[in-house]
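Inspection log for the structure reproduced underneath, given as structure tokens.
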Amino acid sequence: MKECFKKIISEDEWLIEENGFKRNLQGHRESLFALGNGYVGSRGVLEEIPYDSYAGTYIAGVFDDTGAIVTELVNAPNPFFLRITCGGEKLDPVAMDVIEHHRALDMRKGVIFRRTVYSNHKKERFAYQSMRFLSMHNKHLGVIQARFTSLDASTEITVHADMDSSVTNAGMLTEGRKRHFQAVELSGAKNMRYMCFQTFEKNILLSYAGRGFIERRGKKKPAGWNIMKFKVKKGESICFTKFFTIYTSYDVDPKKLRSVTMKDLNRSAKLGVDKLMAKHAKAWREKWRLANISIPEAPDIEKALRFNIYHMLICGNREKGRATIGARTLSAEGYRGHVFWDFELFNLPFYIYTDPETAKHMLLYRYKRLDQAREIALKRGYKGAMFPWESADTGEEATPAWSKGLDGSVIKIYTMEMEYHITADIAYGVNHYYTATGDKDFMIRYGLEIMLETARFWASIVRYNRKKRRYEIKRVIGPDEFHEETNNNAYTNILAKWNLLRAIELYRLFCRENPKETKRVAKKINLKNGELKDWRNIAARLITHIYKKNNIIEAFDGYFDLKDILITQLDPNLMPIFPKGVTSRNVGKTQLVKQADVVMLLYLFSDIFGDTIKKKSYFYYAKRTMHKSSLSPSVHAIVGNDAGDPKAYHYFLISLYADLKNIHGNSPEGIHAASLGGTWQAAVNGFGGVNIKQGILSINPKLPIGWDKMSFSLKWKGFTLSISVFQDKVELSFESKKKKDSLRIRVFNILREINANKRLTFERTGRRP
């Protein structure tokens, strides 16, 4: 296959390859080979749509309710459809015999390359090769080019290359499959096709336009859209090229939708495949310039890490807050495309440090739904803003009341009623962005309002315990969802305390630096003079659960009184197995936890806990964490690496290969977004030792054995840092047109002054921690 595309395909270290067609792996590979550009995502389904395959095309922010229990991401018409039959037999890995099959996802360029050789019932062979991409240069454009060759005999073929509107959303529980749109306009002439669809419930218009060309015997001509027939001689090849554009009524005034879609298509088609590919590849090079991570001594790890980064690059959205990243990206319909806390705490850091402009646009997703968060709080009897546990397009609560449990049974869901921590998680993400970028304009216009309204929520939800003279937060679910209706979850309480204090700190900071605009924000939300004083008092008296006797943070009230059962068995992927007698129904009576909870707290606030508390708490919970969420292993890798746990690298590998090896068994439902971001953080923040301490960037690497060097780039305060970390050495630099520019960075726990345009080297002194 590489011979077919040798002029454009990247080197092996940039390729995720598929050798041989395996029907039972079809769904998994469709997720792995997903394409995207932040605006639209497409599953890596084969163009002929074999039996049991699942074509998925998802436009960021396009949701619909019809036929579903709750609103869900719409599976839109598939533009990469191309069906060929030879002498009445479909060119298809299920319908024909597969002699050869090779595919490669070129992560460097965001292109799928393919070569398949089929054999019909007469043992006649037909070669099919294709390449396709969703343009990173023009987010509305896609291209597919396919070449058919009859290897052994003359044949008659029919070709159908229309947009496939027969797709549906997969049903969950009792819903069954659902279509969320209907065609409202179909037109075409010569080699042009226009199709407009409208979603049933929300009346969103989906506008598709396409142009096709056929090249054979050295001549190129327009291709029709109905079924085309050709007689092909032995050894002859025919090349099919399809350009398409996609817009929605979110992008363009409905009255102009058709003309805009068609004009963009015609303009792009005139440029041709080569020029469009060049523009697309250039845009990808710019993405990788900041996002790539190099680990010379571990090429396999480097490639797998690249895979995780690639999937974050294809779902970063810049549509001014229209959409952010759902739990399964734009690669499938898992969790109905809903947005959780995964984005702010797991994905957002990657964008903050590699593409802060995209990070800002996706944070605007929360700001533009702040009014809905206020309404949720008001309906629940609280003040301020309470963000929904699951969010879709409107910002209203989108969590279904019922779902499937770990054992496959149908269970009642309470997360939307009690998993409050997402409100502080969002505030944490806003503050993280501001700390790393210094973007004061964002904070004045958007971020400060979020910080104040979330703090106001926490002040309204706490209850004062007169006997203990403490404030409490009761009936909550922490990140550990095995235990419901707990009181004073340590993670939730400490995040709430931090939210209250940081809101006060930021408000006073901006009162000094920009009093006029800060006053405007205060007036808008009717901030009372005494509220900040109340917040400080609440924060000072909020129970935060340091278990004094053993220096271990208690997860919630009464946690240590539960039955203490340790994990003793692992599955073939080295993931924990429920101990004998423990099921998903009775696990809440034990100390087993679903995922990183206290350990997540240790990561987010690593600089406020002493080493003894961090180590004892980490090792205690590491023996009791089932990792029944894909976001959990990466956090254990980071905290475990800092604590000196030999298993930390093992946790990193679980996170790294979560989707590549389908470790959780559900990758066909979409790529695990939180695992992608957690893996990046495990590499950069964990092994690379990059974190923020008291507002200052700190670098104190602790590379795994066998890694002599890791190199990466980070955006910090508007500058691009080039960093290489070694076992006991750090090299870093940043460029600036102003020679006098400098940055204060803590390296190996020593505060340094880093001057622009100089490559500096720092060596560790003393013993490695």
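Tallying residues that are among the small types (Gly, Ala, Ser) and surrounded by fewer than 19 Cβ atoms within 10 Å (Cβ to Cβ) within segment 362-391 yields 1. Can we say residue 363 is more than 21 Å from residue 493 (Cα to Cα), assigned to a helix (DSSP H, G or I) and touching a Gly at 6+ places or on another chain (Cβ under 6 Å)? The answer is no for residue 363. Looking only at segment 510-543, count how many residues are open to solvent by 40 Å² or more (accessible area, probe 1.4 Å), touching a residue at least 12 places away in the same chain (Cβ under 8 Å) and in a helix (DSSP H, G or I). Number satisfying all stated conditions: 6. Filtered by the rule that a residue be part of a strand (DSSP E or B), more than 28 Å from residue 657 (Cα to Cα) and open to solvent by less than 40 Å² (accessible area, probe 1.4 Å), segment 544-582 gives 552, 553. Considering only residues in segment 130-154 that are out of contact with any strand residue (DSSP E or B) (no Cβ under 6 Å at 6 or more places or on another chain) and open to solvent by less than 40 Å² (accessible area, probe 1.4 Å), the one that is modelled with the lowest pLDDT turns out to be 153. Scanning segment 704-725 for residues that are of a type in the set (D, E, K, R) and assigned to a loop (DSSP other than H, G, I, E, B) turns up 708, 717. Looking for whichever is assigned to a loop (DSSP other than H, G, I, E, B), in contact with a strand residue (DSSP E or B) (Cβ under 7 Å, 6 or more places away or on another chain) and farther than 30 Å from residue 304 by Cβ here; the options are 127, 76, 55. Which one fits? Step by step, each of 127, 76, 55 is checked, and only 76 is assigned to a loop (DSSP other than H, G, I, E, B), in contact with a strand residue (DSSP E or B) (Cβ under 7 Å, 6 or more places away or on another chain) and farther than 30 Å from residue 304 by Cβ. Residues that are open to solvent by less than 40 Å² (accessible area, probe 1.4 Å), in a helix (DSSP H, G or I) and of a type in the set (A, V, I, L, M) occur at least once in segment 583-597. Out of 454, 435, one residue alone is buried (at least 23 other Cβ atoms within 10 Å of the Cβ) and either touching a helix residue (DSSP H, G or I) at 6+ places or on another chain (Cβ under 9 Å) or at pLDDT 95 or above (or both). It is 454. With the structure loaded, tell me whether residue 56 is within 30 Å of residue 368 (Cβ to Cβ) and either open to solvent by 10 Å² or more (accessible area, probe 1.4 Å) or modelled with pLDDT under 95 (or both) or whether it fails that test. The answer is no for residue 56.
Provide a single number: the residues in segment 678-718 that are closer than 30 Å to residue 441 by Cα, surrounded by fewer than 16 Cβ atoms within 10 Å (Cβ to Cβ) and of a type in the set (Val, Ile, Thr). Residues meeting the conditions: 1. Please tell me if residue 491 is buried (at least 23 other Cβ atoms within 10 Å of the Cβ) and of a type in the set (Phe, Trp, Tyr). Here the answer is yes, as residue 491 does meet what is asked. Selection within segment 284-324: residues that are under 22 Å from residue 29 (Cβ atoms) and assigned to a loop (DSSP other than H, G, I, E, B). The member of this set that is nearest to the chain's Cα centre (by Cα) is 315.
Within the group 625, 612, 679, which residue is over 23 Å from residue 306 (Cα atoms) and either touching a Pro at 6+ places or on another chain (Cβ under 9 Å) or at pLDDT 95 or above (or both)? None of the others qualify; the one that does is 625. Taking residues in segment 95-121 that are closer than 30 Å to residue 302 by Cα and open to solvent by 10 Å² or more (accessible area, probe 1.4 Å), and partners anywhere that are among the β-branched types (Val, Ile, Thr) and not in a strand (DSSP E or B), the pairs with Cβ atoms closer than 8 Å and at least 6 places apart or on different chains are 109/8.
Out of 201, 175, one residue alone is surrounded by fewer than 19 Cβ atoms within 10 Å (Cβ to Cβ), in contact with a Ser or Thr (Cβ under 8 Å, 6 or more places away or on another chain) and not β-branched (Val, Ile, Thr). It is 201.
Give the number of residues within segment 501-537 that are under 33 Å from the mean Cα position of the chain (by Cα) and among the hydrophobic types (A, V, I, L, M, F, W, C). Number satisfying all stated conditions: 8. Test residue 241 against the criterion of being touching a Cys at 6+ places or on another chain (Cβ under 8 Å) and either β-branched (Val, Ile, Thr) or closer than 30 Å to residue 402 by Cα (or both), and give yes or no. The answer is no for residue 241. Within segment 382-430, being over 19 Å from the mean Cα position of the chain (by Cα), assigned to a helix (DSSP H, G or I) and farther than 21 Å from residue 490 by Cβ holds for one residue alone: 416.
Results for (1) in a strand (DSSP E or B); (2) closer than 18 Å to residue 77 by Cβ; (3) open to solvent by 30 Å² or more (accessible area, probe 1.4 Å); (4) touching a residue at least 60 places away in the same chain (Cβ under 8 Å), shown as yes or no for each residue.
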| site | (1), (2), (3), (4) |
| --- | --- |
| 212 | yes, yes, no, no |
| 221 | yes, no, yes, no |
| 229 | yes, no, yes, yes |
| 234 | no, no, yes, yes |
| 244 | yes, yes, no, yes |
| 252 | no, yes, no, no |
| 257 | no, yes, no, yes |
| 261 | no, yes, no, yes |
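Quick check on segment 728-753: of everything there that is over 14 Å from residue 691 (Cα atoms) and either open to solvent by less than 20 Å² (accessible area, probe 1.4 Å) or of a type in the set (Ser, Thr, Tyr) (or both), which residue is farthest from the chain's Cα centre (by Cα)? Per the stated criteria, the residue is 742. Taken over segment 604-626, residues that are under 24 Å from the mean Cα position of the chain (by Cα) and open to solvent by less than 10 Å² (accessible area, probe 1.4 Å) amount to 2.
The values are calculated or read from the model by the stated rules, or taken from the named source; none is laboratory data. As the structure is a computational prediction, the values presented were derived from the model and not from experiment. FYI the Cβ positions are ideal-geometry reconstructions off the backbone, even for glycines, and counts take in every protein chain you see. All accessible areas refer to the heavy atoms of the entire protein, side chains included, with ligands and DNA or RNA removed. Shrake-Rupley method; radii C 1.70, N 1.55, O 1.52, S 1.80 Å.
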